[in-house]
Amino acid sequence: MQTCVCVRQGIPLNPSGLSPAPCSRMASKGAAMASFHLAVKTISRSAGRSATAAAAYRAGVEITDERTGLVHDYTRKQGVEHNALVVPADAPAWANNRAALWNAAEQAETRKNSTVAREYEIALPAELSAEARRELALGLAREISERHGVAVDVAIHAPGREGDQRNHHAHLLTTTRRIGPEGLGEKTRELDQKTSGEVERWRGRWAEMQNVALERAGSVERVDHRSHQRQGIEQEATVHMGPSATAMERRAEHQAMREGRAYEPVTMVGQHNAGVIERRGLRQYIERGTEWLRDAGQRISGRLHAFAATLSGAVDRDRRDAAEAQRQEQLAAERAREQAQERQQAQEREKVAEKFRTIAGKREAGAHGYGDHNSDWNGHSPRGQAGAQSMVPGEFQAVRGPGRPLLFCRSTDGTAAMVGSGHVPAEPDAAARRERAGILPAGMLGHVSPHGSTHP
């Protein structure tokens, strides 16, 4: 699809409002450097080339050369993403037709060695979108057309299938003569003079435009139009290729294309330059790969540090949990020991109580005639006293009071008394002993010695 763009003289048009910006400002410290390429070449009859063939090939269209009668058909060419014509606003209408434009450029030159067209070969940033790359290329074409008053044929090419997939580029084919209402006029001699500085100016301007677009797109990549020597970078240089060698290489390239095979340089200069470019690309890949590995290493190192910190925290938590669990186990074991001791003590108390109950039961059985629970056995009953005395040794006397069976040592005077409640009649001597002995707790069995001391 062909697009025609007019440029008003005196009004500079930039893509998407791009404004010039110093390249030094854009190439900030630490910014990654992208590949830069802008080369200005000529299409000359002396090299066996024509403007019609060059335009047809780059745009992927068919053009018939009216001067020679040759038909240049490149409609089956692959990889042409976009083509457009950019012409001054006062150019004649036929200038918007690609075939008419380049046939006029051929007919305007009469010499056999005439330069019939000029080409700006530019690299487009792979970091930008296809639309941004298209606007960037068209913006440069507008500025060239406005500054020099020439027609510009723009062809944007995609990377080759077997080459570097980042190799987005464009060909800006311009007339060597200014074009106005009367058609093609005077030559653009300022571009023919190497001392004019026009080519270097366009290189700098193209770097500025790319850096603005990259910054706007949020990319850290930047370009620099200066040579590696001017930048202080040591790099193997290519050898300048003269017109004859260039023509030979182009014929070899076209021949390889027609035969459907990969192009290989045929001249020594071309082979040398191809080797240098290949080594540069390899070095660039190595540098980018090294940078990527360094960045990846930093990312991995950060993740490892974070994982180590997490693991350390987990270990600390496990250590604290283990200590707490051990403490809980110790507390549980201590509680178990205490409970076991309490059970043992309770069992011992129960055994003692059982012994007392057994003794009491035997005494009751003896006092009541083995099971006479209805009999009233107390200190007032002779039978009860006799029964109690029969259960103890002869040197002791058993007396039963209200819930307090007591043993008293027999005195020589035969006195004995019940101690505890105060309801049992007793002899004066026995009462005196009771006062000295004190009151035993209920249910306790004891005896009183002749001297008045108590024994459990």
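Just so it is clear, none of the values below were taken in a lab; they were calculated from the coordinates. Bear in mind that the values here come from a model prediction, so they are computed numbers and not experimental data. Because the Cβ atoms are built from the backbone with ideal geometry, glycine has one as well, and the counts that use them run over all protein chains shown.
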Response to the item:
With label points set 7 Å from each Cα along the Cα-to-Cβ direction at Ser35 and Ala346, the distance between them in nm comes to 9.1 nm
Discussion item. Can you give me the distance in nm between label points at Ala158 and Glu354, each placed 7 Å from the Cα along the Cα-to-Cβ direction?
Written reply: 10.2 nm
Worksheet, complete the sentence: Per the rule of 0.36 nm per residue minus the C-alpha distance, extending Lys194 to Glu324 adds in nm 38.2 nm
Worksheet item: Near Lys351, which lysines are there with a Cα under 25 Å away, not counting those fewer than 8 places off in the same chain?
Response: Lys362
Worksheet, complete the sentence: Extension length gain for Glu253 and Ser46 (0.36 nm per residue less Cα distance), in nm, is 72.7 nm
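If I stretch the segment between Glu338 and His305 completely, what's the gain in nm (0.36 nm per residue apart, minus their alpha carbon distance), one decimal?
Length gained between Glu338 and His305: 7.0 nm.
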Worksheet item: Roughly what would the spin-label model give for Trp292 and Ala126, points 7 Å off Cα along C-beta, in nm?
Response: 0.9 nm
Item to complete: Taking a cut-off of 20 Å between Cα atoms, list the lysines near Lys112, but don't count ones fewer than 8 places away on the same chain.
Response: Lys41, Lys187
Fill in: Segments 170-176, 36-42, 95-101 sorted - mean Cβ within 10 Å per residue, highest first
170-176, 95-101, 36-42
Worksheet item: So who's got an amide H within less than 5 Å of the one on Thr64, skipping anything under 5 residues away but keeping other chains? H placed 1.01 Å off N, in plane.
Response: His72
